[in-house]
Amino acid sequence: MMDARGSSLDDVSAHRLVVLSDTDEKKWQTALAVAQSILAGARVAPPAAPDYEAKAPIRQEQRWLKKSEVETLIADYTGGLSTYQLASKWGLNRHSVAKILARHGVEQRTFGATLTEAELTEAEALRRDGWSMNALARKYGISPQTLKKRLAGLSDCSS
């Protein structure tokens, strides 16, 4: 017996042995069973994929604020609430809150703006006296990295 290429089907050298993984073997067995049933005349539907349930929504729901809500958000920010607090209150991302404030010309507070020149000078003196950056940061209510940057900026200006 000959195949389409003209080689003998009985020729062992024409056939190659392929080792399949367990997953591939199961797929081939399923495909072979379906093909055999089709050839036999009985149409059998292939096994259906398991139902997919999303664990979370694929897209974040968009939240559009009305003009009155934006005015309230701005009033809350100027009243002292942080962008994190406003984001939580309004169901927004903190970056969205910052964009809304910028779009309406509201000057945003910076974290390091709470230190005055006198406090920076005092912090520099305490640092020279042996205080750690962590202790100084706790004293002034800012992060150690911010304090380090502020002190570095102060020493650059004084030289």
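For segment 66-90, the tally of residues that are of a type in the set (S, T, N, Q), modelled with pLDDT under 90 and surrounded by 14 or more Cβ atoms within 10 Å (Cβ to Cβ) stands at 3. Evaluate the following for Gly130: is it outside the structural domain of Glu71 (by TED's automatic domain parsing) and either within 20 Å of Glu71 (Cβ to Cβ) or modelled with pLDDT of 90 or more (or both)? Criteria met by Gly130. Within the bounds of segment 91-99, is there any residue that is among the polar types (S, T, N, Q), surrounded by 11 or more Cβ atoms within 10 Å (Cβ to Cβ) and more than 17 Å from Thr72 (Cβ to Cβ)? Checking segment 91-99: at least one residue is among the polar types (S, T, N, Q), surrounded by 11 or more Cβ atoms within 10 Å (Cβ to Cβ) and more than 17 Å from Thr72 (Cβ to Cβ).
The values are calculated or read from the model by the stated rules, or taken from the named source; none is laboratory data. Only a predicted model underlies this, so the values are computations on that prediction, with no experimental measurement involved. Note that we place each Cβ from the backbone using ideal geometry, even for glycine, and neighbour counts take in every protein chain shown.
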